[in-house]
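The values are calculated or read from the model by the stated rules, or taken from the named source; none is laboratory data. These numbers were taken from a predicted model, which means no experiment stands behind them. Counting neighbours? That spans all protein chains shown, and the Cβs are built from the backbone with ideal geometry, glycine included. Keep in mind that these areas ignore ligands, DNA and RNA; they rest on the heavy atoms of the full protein, side chains included. Shrake-Rupley method; radii C 1.70, N 1.55, O 1.52, S 1.80 Å.
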Amino acid sequence: MLRLAVFVVCLASALGFNTLVLVDTLATRETHSIFLKSLQERGHEVSVKAADDPSLQLSRYGEYIYQNLVILAPGVEEFGGALSVETIVEFVDGGGNVLVAGSRDAADLIRELVTEVGVEMDEEGAAVIDHLHYDANDDGQHTLIAAPSSGLIESEVMVGPRDAVPLLYRGTGLITDADNPLVLPVLRAPSTAYCYNPTQSISDYPHATGQNMLLVAALQARNNARVVVSGSLEFFSDAFIMASVQTPQGAFYERSGNGKVVEALSQWVFKEEGVLRVVSVQHHLQGEKEPPVAYTIKQDVEYKIKVERLVDGVWKPFMSNDLQVEFVRIDPFIRLIMTPNKDGVFSVTFKVPDVYGVYQFKVEYNRVGFTRLFSTTQVSVRPFTHVEYERFIECAYPYYASAFSMMVGVFLFSMVFLHHKESPHKTKAE
């Protein structure tokens, strides 16, 4: 019976996306129905549960039940069941994807969780305020931000095609470490925005201001696990997706840009977009098909690698003009851009360096929005054998001449020495 249960869990994990959605109250299913419905239409098996449900667990029998975790519960004080900040971090370390939505009143538990992925929420009660970029339906505190689409990250894979429609946002600001290369600024605040408690007078300089403050941040870990953090729960709500936008400058938009961005961003974080894989790697001497046991210095080598990209659930050939291969022995001896064909096969031909040793064909492709592509193939490079060296080298002609001249000189000296006879000297008696 235990084996059957393990088999069922593994089979369910392999067939599709199992997504766990945690909410403060089950009413969130109604207020965020468009977002949840889009997940179901894309093939996700969505399980909506209260964040403090005592039956919560991410794994069973050593296997993860879910591939994705959505936390729409900024007010939760303590997760239920076997769920905790530590287990969610382990879930990310195991390759799981997480989407977290906060608010200006987010609990310490949510703040601790996002800190683990390199994102810090501003102080409790602090909200993003902008006196120039707010919606006409604002209550007077200017916390209903109409964020310009120019603040979106320049990655169509992550946020879809950019247009001029603003995005509605009401929540707290996010602060990240600019030196962390894994954290991505999905949506920056306008340069005129700042984060502070709108019910208090400003006595200290705000912690987060201008474009140094993020509204939505993302993390792609080194194992390609993805995390998205939003400082606004309402950013994903039906009300913001369906709302019209009117700016103080008089511009009117019938529909906010939230819908398109939320769908594109959810596709990215759940690895429906921007996923690359290596299908095959080939290397051999030019004109041959099979790789040798070892390459010889100065030989012409051909290297090929086939890469595919996941598009709408189907693996298709990946096309790019900046995929490089390195021929590495401690440091790269050769770095070349490969040429693709219509089947997604990238190829390049080069001459092996005149230095023997153990080398690697190394392909490492890191681009914003795509999973990290990494492939290495180790090969040996040997020197010429004694029968493979040139018999006569032009630069050695002076040495050849000196050797032959020495031989001729010795021969002449020997002839003279052997055959020359001195005349005998006459004595006084003679």
Original post:
Cα centroids of region 303-326 and region 367-423: how far apart, whole angstrom?
Top reply: 46 Å
**OP:** Note down the magnitude of the dipole of region 219-284 about its Cα centre, charges +1 on Lys and Arg C-beta and -1 on Asp and Glu C-beta and zero elsewhere, to the nearest 20 debye.
**Re:** 360 debye
**OP:** Pairs to check: Lys289/Lys342; Lys37/Lys306; Lys289/Lys316; Lys49/Lys316; Lys271/Lys306. Give those whose C-alpha atoms are more than 32 Å from each other in this structure.
**Re:** Lys37/Lys306; Lys49/Lys316
Subject >> Total formal charge among the other residues, if their Cβ is under 15 angstrom from that of Ile297, Lys/Arg +1 and Asp/Glu -1 >> reply: 0
Original post:
What does the accessible area per residue of region 161-217 come to in Å², with a 1.4 Å probe and no ligands, DNA or RNA counted?
Top reply: 48 Å²
Original post:
If you stretched the chain out fully between Leu285 and His131, how much longer would it get, using 0.36 nm times the residue separation minus the C-alpha to C-alpha distance?
Top reply: 48.8 nm
**OP:** Give the long-range amide H neighbours of Gly80: residues separated by 5 or more places, or on another chain, with amide H under 5 Å away, using H modelled in the peptide plane at 1.01 Å from N.
**Re:** Asp52, Asp53
**OP:** State in Å² the accessible area per residue of region 227-322; use a 1.4 Å probe, count heavy atoms of protein chains only, and round to the nearest integer.
**Re:** 47 Å²
Original post:
Which angle from 0 to 90°, rounded to the nearest 10, does the C-alpha axis of helix 258-269 make with the longest principal axis of the chain?
Top reply: 40 degrees
Original post:
Magnitude of the Cβ-charge dipole of region 128-212, K/R +1 and D/E -1, about the Cα centre, nearest 20 debye?
Top reply: 40 debye
**OP:** Apply the Karplus parameterisation 6.51 cos²θ - 1.76 cosθ + 1.60, with θ equal to phi minus 60°, to every residue of region 73-80 and state each ³J(HN,Hα) to the nearest whole Hz, in sequence, with x for glycine and proline.
**Re:** 9, x, x, 5, 8, 7, 5, x
**OP:** For region 24-168, give the share of DSSP beta bridges that are antiparallel, in percent and rounded to the nearest 5; count only bridges with both residues there.
**Re:** 55 percent
Original post:
Across all directions of projection, what mean area in square nanometres is found for the Cα convex hull of region 66-118?
Top reply: 3.5 nm²
Original post:
What percent antiparallel are the DSSP beta bridges of the chain, to the nearest 5?
Top reply: 75 percent
Original post:
Just how large is the dipole of the chain about the Cα centre, in debye to the nearest 20, putting +1 at every Lys and Arg Cβ and -1 at every Asp and Glu Cβ?
Top reply: 2500 debye
Subject >> Förster-model FRET efficiency, 60 Å R0, Asn223 and Ala403, C-beta, rounded to 0.05 >> reply: 0.40
Original post:
At a 1.4 Å probe, what is the % contribution of carbon and sulfur to the accessible area of the chain?
Top reply: 54 percent
Original post:
Expressed as an acute angle from 0 to 90° and rounded to the nearest 10, what is the orientation of the C-alpha long axis of helix 2-15 relative to the principal long axis of the chain?
Top reply: 80 degrees
